[in-house]
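Engineer: Quick one: the structure is below, and I'll ask about it shortly.
Read-outs: derived from the displayed coordinates by stated rules, not from any lab. Nothing here was measured: the structure is a model prediction, and the numbers come from that model. Every residue, glycine as well, gets a Cβ built from its backbone with ideal geometry; the counts of neighbours run over all protein chains shown.
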Amino acid sequence: MPDDAVIRCAVSGPDIKARRQATVHLRLLATSDIHVSLSPFDYFKDTESVTGCLSLTASLIAKAREEAENCLLFDNGDFLNGGPLGDYIQFSPAQPNPVIQAMNCLNYDAVNLGNHEFSSGIEFLENALESAQFPVISANTFTPELGAHFVQPWVVLNRRVSDLDGQPHLLRIGVVGVLPPQTTIWDKQAIAGRVVISDMQNAIVWGADAVKRAGADVVVILAHCGIGQADAPPMAEDAGIAISGTKGIDALILGHAHLRFPDPTMAASGEVDPVAGKVRNIPTIMPGAFGSHLGVIDLDLCRDAEGWHVTSSQASLRATAARLPSGELCPLVQPDKAIVKQIASFHEAARIWVSRPIAQTASALHSYFSMITDVPAIRVIHQAQIAFLQKALAETKWADMPVVSATAPFKAGGRGGPDYFTFVPPGEVLLRHLADLYLYPNTLTAVLMRGAELRRWLELSSSSFLPIEKGQADQRLLNPEVPPFHFDSLAGVTYEIDLTNPFGATRPSAGRIRELKHNGLCVTDDQLFIMAVNSYRASGSGGYLHDTSTRIPVAQDRLCRDILEDYLRCHGDEVHKTAPNWRFAKVPDTSVILETSPAALHYLQDVDYLDLTPLGMTPQGFLQVRLAL
């Protein structure tokens, strides 16, 4: 890092009159949610890939820097954890960390912590950051024993820039970062009480004021969160709109939600302009995930007697690949050779490591139809969670209580695109397949639930589907506002979902959930169950679970992926022998359209009990399938 990067100093420059008339063009570049996607390779499938990675984004960064003299590069978190390569790096820690090596090579100006930076534990994070040649910030993360910030809360970057006339100036860019406070719950086991995380909105108000008092001319916010709602409450997970109202900020970089912004397909509101890329008139970007896009904010700054002011702005995204009319993904850039060479040894070692066999499966496990039926790829997670919890409860007072399981499809298209599905071929189940089946380092939680709460859970889950009209053909099925990982199914009970009713009904008779049964008998409101649920959902994510719910201290915070691995070793083939436990209610002369992977065409026989008809491709590359209800 140059000596003038984070110090406050005065430099000689043009006279006062010239400076008052000076206009500087400043370009802000941003990545977010890289999740250790460094090379153009799909470790789940063991094939080359062009869906996005940092080495592809690096080529976009180089081009964007060539176009503008005054550039800064930021990352908005979730860079150290994710995917099989991330698992390998955690299993075989090396110094320097290859992700940090790549970021050093790209000369990042500042990096914000995301929630998944903590997923591998505090020591892993601290060791990784030791080799960082850039400031790492987080304004709402503290060490409880000292009450101090875990890393520096903000930074003021002093940069010598040129105005449109070629005259030099010293520009001070203040950068403040935050991440969701729910991180301490999601990664409770890994964090082990060593950090506390406060409200994002309050931290931004404090941080923006702090950098202004430290002399910042421009204030940039790195908020590892989604856009959220205008009335986001304190401690909200997604608070972009609320943060954008902070006095004195000039640019906002969001992430965490794996969405893209600007996005012309997004619905506009009084606070959000998805075409211009503004939230409450603040230029805002959210650059997708896994290196799929580079975010760009261009600011024109004018200096007068009171200092620098933003006179105009433009927010945009640049993609690493695009869809052809056929639906095929076509690369728009070539990977950066320096990054690819730098991580080559880790790449090859990871490929070997994740190819270790752990179990057998007689049939393919995939999520192509997981949004319309109970598929084996989801069923095996349910079965593993139930078996583990039943064993854990065996010597307790809850031993005779019925156990149910909740889980969602982690990879089922949606915002991830037509390539974002789980697929495990028949035969040997390898370590990379296990990671494909269970993507995240969640731990298992046991919760005491009543029958009424199970019904409410399923009603909320049914918001994944749009309401349909009886007698209408080819209606859109999936609600684009609800990502697949918020569609929970339950095992241990059976039920139907009536799509003709609106979701959100408070009375059971008016709701979508029908025929909710346990062992063939209707579930009563007061009937007690123990539910196996992951730590992400137990934290309240998705609005499923309340703080007042009773946790049962028997799961011992075991990683769900480890539980699944143990189950697969002993029962890998049993998942195919059980029947689906949920279905859509019959609606005569009515059909809906599912958007799924083109590969689903080869596995229609796996769901031959459904009345499916494959149709054409969408411009986004999804296969459309008609489901007759």
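Engineer: As a test of understanding, state the convex hull volume per residue of region 18-348 from its alpha carbons, in Å³.
Structural biologist: 134 Å³
Engineer: Also, I was wondering about something else. Straight-line reach from Lys188: which lysines have Cα under 30 Å away, leaving out those fewer than 8 places along the same chain?
Structural biologist: Lys391, Lys397, Lys411
Engineer: Most exposed first by the Cβ proxy, i.e. fewest other Cβ within 10 Å, how do His546, His571, His258, His116 rank?
Structural biologist: Arranged by neighbour count, lowest to highest, His546, His571, His258, His116 become His546, His571, His258, His116.
Engineer: Also, quick follow-up: Relative contact order, percent, of the chain when contacts are C-alpha pairs under 8 Å separated by at least 6 residues?
Structural biologist: Result for the chain is 14 percent.
Engineer: Asp78: net charge of surrounding residues, Cβ under 11 Å, Lys/Arg +1, Asp/Glu -1, itself excluded?
Structural biologist: -3
Engineer: Report the Cα centroid-to-centroid distance between region 580-615 and region 466-488 in angstrom, as an integer.
Structural biologist: Going from one Cα centre to the other spans 13 Å.
Engineer: Please state the charge dipole magnitude for the chain, taken about the Cα centre, from unit charges on C-beta atoms (+1 on K and R, -1 on D and E), reported in debye and rounded to the nearest 20.
Structural biologist: 280 debye
Engineer: Compute the distance from the alpha-carbon center of region 382-418 to that of region 47-93, in whole Å.
Structural biologist: 34 Å
Engineer: If you don't mind, another one. Straight-line reach from Lys517: which aspartates and glutamates have a Cα under 12 Å away, not including same-chain ones fewer than 8 places off?
Structural biologist: Leaving aside aspartates and glutamates fewer than 8 places away in the same chain, those within reach of Lys517 are Glu496, Asp525.
Engineer: Could you compute the net charge surrounding Pro40? Neighbours are other residues with a C-beta less than 14 Å from the C-beta of Pro40; K and R count +1, D and E count -1.
Structural biologist: On the way: positive: Lys45, Lys337, Lys341, Arg351; negative: Asp42, Asp46, Glu48, Asp336, Asp419.
Its environment carries a net charge of -1.
Engineer: A further question follows. So between Lys391 and Ala579, what do we pick up on full extension, going 0.36 nm a residue minus the alpha carbon distance?
Structural biologist: 65.4 nm
Engineer: Could you tell me the calculated FRET efficiency between Gln133 and Arg514, based on Cβ-Cβ distance and R0 = 51 angstrom, to the nearest 0.05?
Structural biologist: 0.30
Engineer: Here's something else I'd like to know. Kindly point out which whole DSSP H helices in the chain project their C-alpha atoms 18 angstrom or further along the helix axis while averaging a Kyte-Doolittle hydropathy of -1.0 or above.
Structural biologist: Length and hydropathy pass: 54-67, 200-213, 376-393.
Engineer: Moving on. How charged is the neighbourhood of Gly621? Take every other residue with its Cβ under 14 Å from the Cβ of Gly621, and add Lys/Arg as +1 and Asp/Glu as -1.
Structural biologist: -1
Engineer: Follow-up question, since we're still on this one. Can you tell me the order of 462-471, 261-270, 237-246 when each peptide is scored by its average per-residue count of other Cβ atoms within 10 angstrom, highest first? Numbers along the way, then the final one.
Structural biologist: Values: 462-471: 16.5, 261-270: 13.9, 237-246: 24.0.
Descending mean neighbour count gives 237-246, 462-471, 261-270.
Engineer: Please compute one quarter of the surface area of the Cα convex hull for region 375-415 and express it in square nanometres.
Structural biologist: 3.4 nm²
Engineer: How large is the helix-only mean residue ellipticity at 222 nm for the chain, computed as the sum of -39500 (n - 2.57) over DSSP H runs with n ≥ 4, divided by its residue count, in deg cm²/dmol to the nearest 500? Display every interim value, and only then the final one.
Structural biologist: Details: 16 runs with 140 residues, N = 629.
After summing the helix terms and dividing by residue count, I get -6000 deg cm²/dmol.
Engineer: Something else now. Can you list the lysines whose alpha carbon is less than 17 Å from that of Lys337, not counting same-chain residues fewer than 8 positions off?
Structural biologist: Output for Lys337: Lys63.
Engineer: Follow-up. Which is farthest toward the positive dipole end of region 18-348 among Leu60, Ser313, Ile185, measuring Cα position about the Cα centre, with Cβ charges +1 (Lys, Arg) and -1 (Asp, Glu)?
Structural biologist: Towards the positive end, the residue furthest out is Ser313.
Engineer: Can you give me the long-range amide H partners of Leu73? Hydrogens built in the peptide plane at 1.01 Å from N, cutoff under 5 Å, separation of 5 or more residues or another chain.
Structural biologist: Leu29, Asp109, Ala110
Engineer: Using only Cα atoms, locate the centre of region 262-324 and the centre of region 516-532, then give the distance between them in Å, rounded to an integer.
Structural biologist: After rounding, the separation between the Cα centres reads 49 Å.
Engineer: Right, something else. Can you give the Kirkwood hydrodynamic radius for region 221-337, in Å, rounded to one decimal and based on Cα pairs?
Structural biologist: The answer is 15.5 Å.
Engineer: Dipole of region 396-538, Cα-centred, from +1 at each Lys and Arg C-beta and -1 at each Asp and Glu C-beta, to the nearest 20 debye?
Structural biologist: On the way: 14 positive and 15 negative charges, 41 e Å.
The dipole of region 396-538 has a size of about 200 debye.
Engineer: Okay, moving on. Any idea which of Ile227, Ile197, Ala251 is furthest toward the positive side of the dipole for region 18-348, if Lys and Arg beta-carbons carry +1 and Asp and Glu beta-carbons -1?
Structural biologist: Ala251
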